[in-house]
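Structure first, then comments.
The values are calculated or read from the model by the stated rules, or taken from the named source; none is laboratory data. Predicted model, so just to flag it, every value in this text is computed and none were measured. Please note: Cβ atoms are built from the backbone with ideal geometry, for glycine as well, and neighbour counts cover all protein chains shown.
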Amino acid sequence: MRSHLRSLCLVFAFLVIAAVPAHAGGPSSAGVAVGFARVNLDDGTVTSFGGKGTKEVTTGPTSTGVILFFVGKYPKDLTRELVVAHATAEGDEDNQYAVANAIVANATRDQISVVVNAWKSSTLAPATGYAFVILYSAVAPEE
């Protein structure tokens, strides 16, 4: 009887724990991007941008890509270590794909700088075409 009661308690505890949804803190749990952009790797033209707090995106050249300057109102305690960047690139030729890498160079309450590099899959030459960048913050955005 005692072991049956113990087993029943363990099963009940497991069901209660399994029924409670996991919850991550911060804006990432709500899926809020603080910045995103689509940029032409050839000439640095930003064709679309947005995100919670982002008001403008400008660019500058690098040897294998572009540097993006996300300008806006971001959390006051933001640092580069608290920004997660994701980038992907669009290949500009048939049967070709491109690989992209994003590095958060700096992050403050007014600006986030991201270096985006992209290469062609077959030649490892700098890619042309478009790169897509999304930024998430580990600090809750200010309302």
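Against the definition (closer than 26 Å to A125 by Cα and modelled with pLDDT under 95), how does L41 come out, yes or no?
Values: closer than 26 Å to A125 by Cα: yes; modelled with pLDDT under 95: yes.
Spelling it out, L41 is indeed closer than 26 Å to A125 by Cα and modelled with pLDDT under 95.
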Restrict the check to region 111-124 and report whether at least one residue is exposed (fewer than 15 other Cβ atoms within 10 Å of the Cβ) and within 20 Å of T59 (Cβ to Cβ). no
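Does region 16-26 include one or more residues that are loosely packed, with under 11 Cβ neighbours inside 10 Å and at pLDDT 70 or above? Please lay out each step first, then the result.
Applying the first criterion (loosely packed, with under 11 Cβ neighbours inside 10 Å) to region 16-26 yields 16-25.
If we keep only those that are at pLDDT 70 or above too, we end up with none.
No, region 16-26 contains no residue that is loosely packed, with under 11 Cβ neighbours inside 10 Å and at pLDDT 70 or above.
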